[in-house]
Amino acid sequence: MRILLVGASGFIGRRLLEALRSVGHEVVGTARRPPADGLPGVEWRALDLARLAEDPSHFPWPAGVELVINAAGVLGSDAAELARVQDSGARRLFDLAAAHGARVLQFSALGAGEQPDIPFLASKAAADAYLLGLGIPAVVLRPSLVLGEGGASSGWFSRLSPWPLIPLLDTRARIQPLHVDDLVGAVLALLRRWPEQPMVLPLVGPEPMTQPQLIDRLRTAQGWGPARYLRVPTALAAIGARVGALLGWRALNPQTVRLARRDNLASAESLEHACGFRAASLAERLHGWPNPVVSVTAALRPLLLASLVLVWLGTALVCLGPGYGWGLRLMGEAGVSGWPASLAVIGGALLDGLLGFGLLLPRWRRWALRGQLMLMLGYMLLISLLLPHYWFDPYGAVLKNLVLMVATLWLLWTEPAGERRR
């Protein structure tokens, strides 16, 4: 079968691409930026659903496509972007499929249609309803939380797993996670036994569990015992959600707070009745992932980031406050006095604060890390030229910059690329 796989470079799309190829299907993969080193024999096309929403002619339809699998999505909470990509763009894709006589398998999300106050789910539900109203052969698959190496949510949970005391937005709401291998298995089963009527099928794991129970499963797979958990107070979570919304955080914003505090459950029977597939328990799937070394390394990252934010913002506040006079004396030692000295102290403090704030913004974090490296090198060079005796400070004030530079380099090298849409 010739299949158009939309979002083929994403977490789910990559797994589907490999599986479909392995069973003999011919796949046309799409991505906003097609990879240069994709699987041999896979035809790649550029497709941006946001652009397709505005211009349906943006995407020339590949000849001979019998099935469209839409695995594209947006990792975020921007309601306008979600509606543009997951609803409007998906509708134009479905229109093209209908015009060319292709079936459609739409990846939605469990809870779509039931939680209109969640922008992610609302945009998925609108697209699902439009597809089912077209009257073409279609299946809407609504998976629960999908786990596996390379997934955004998976990375978040594995990053939390090494901590002995784990703060969570909620410790009581239940979910039914499944492994990505079971999601792939469900798709292959549907292709072998396609339902006669358009329908919505939930795809869930067999075991309802809370987030602490899920993380304990991940800890067990890595050879650790159960952790202790702390439910973040409602007021603190609300403040964090507002800050996260302003700064563009994926893991903490009003949408994630609401989602974390609600049960998200469904029966596995309808999928089993439709195609004979039922997902396995997580205990049967957690082999090779998560990896304890990778989890611990990832767990260190937010701690280092938080430490650097405190260092840079704290330095800015100190230099503008109780340390201002000390800064002027330091400038005097370097031969600078008067308004140039004041300008240097205040300007340096503001620059420190700007770099610390830049660490909080994912889109600016790489530039902030590079700026911190350059600033520390600049400070050390000026001290070496103008105040070399500070290298022999018994408290190692200058030498400690070397530790900060190593931490900054590690954060820069391990900073994710930040692709939010596939």
(request) Could you check what % of the DSSP bridge pairs in the chain are antiparallel, to the nearest 5? (result) 10 percent
(request) Have a look at Leu313, Ala125, Pro143 and report the one farthest towards the positive end of the charge dipole of the chain, computed about the Cα centre with Cβ charges (Lys/Arg +1, Asp/Glu -1). (result) Leu313
(message) What whole-number distance in Å separates the alpha-carbon centres of the stretch 125-186 and the stretch 67-91?
(response) 16 Å
(request) Just report the Cα centroid separation between the stretch 192-247 and the stretch 1-66, whole Å. (result) 29 Å
(request) Work out the charge dipole of the chain with +1 on the Cβ of Lys and Arg and -1 on the Cβ of Asp and Glu about the Cα centre, then indicate which of Trp44, Leu373, Gly276 is farthest towards its positive end. (result) Leu373
(message) For the ranges 403-416, 252-265, 115-128, what's the packing order if you count other beta-carbon atoms within 10 Å of each residue, average per peptide, and put the highest first?
(response) 115-128, 252-265, 403-416
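Any read-out appearing in this document is the output of simple, stated calculations on the displayed coordinates, not a laboratory observation. Please read all numbers here as calculations on a predicted model, not as lab measurements. In this analysis, Cβ positions are derived from the backbone assuming ideal geometry, glycine residues included, and neighbour counts consider all displayed protein chains.
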